[in-house]
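Data first, discussion second: the structure below is written as structure tokens.
The values are calculated or read from the model by the stated rules, or taken from the named source; none is laboratory data. Treat the numbers as computed from the prediction; the structure is a model and nothing was measured. Note that each Cβ is placed from the backbone with ideal geometry, even for glycine, and that neighbours are counted across all protein chains shown. The protein model used for the area step is the full one, side chains on, heavy atoms only, and it has no ligands, DNA or RNA in it. Shrake-Rupley method; radii C 1.70, N 1.55, O 1.52, S 1.80 Å.
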Amino acid sequence: AEVTEKLEEVVMIWIKQIRQVLVESEQMRREADDIGPSAELEHWKARMSSFNSLLDEIKSSRVKKIISILQAARSKTLKQWKELDGNITIAANEAKDNVRYLYTLDRFFGPLAKASPV
């Protein structure tokens, strides 16, 4: 029971930190009106990198062991954990899709932004 309690405390800290990352990623960003697809591409690349590293950490053996122990103990914190895990996956997929789309745009429109009007 004592070990389970300590592990639940650790998971609650992780949940709090992950929620903070999700909230920050959803906040509106202010930028100039004249930015092009390349600036947007850089933003989504950074966001994709952030969420992918978070997913890699969640899939690490250390985290999986802790979650397995809490599953065996039927911990109530797992409901919150699973919800956040799903939200991270959704955010990572959104970032990946946007990077793919914006990369395609940048490939075609990038030369227009760098060249003269002629």
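List every residue pair whose Cβ atoms sit under 6 Å apart, with the two residues 6 or more apart in sequence or on different chains, where the first one lies in region 90-103 and is over 15 Å from residue 53 (Cβ atoms) and the second, anywhere, is open to solvent by 80 Å² or more (accessible area, probe 1.4 Å).
Matching pairs, first to second residue: none at all.
What pairs come up if the first residue lies in region 4-19 and is farther than 19 Å from residue 74 by Cβ, the second is surrounded by 13 or more Cβ atoms within 10 Å (Cβ to Cβ) and not hydroxyl-bearing (Ser, Thr, Tyr), and their beta carbons are under 6 Å apart, counting only those six or more places apart or on different chains?
Short answer, once both residue conditions are applied: 18/84.
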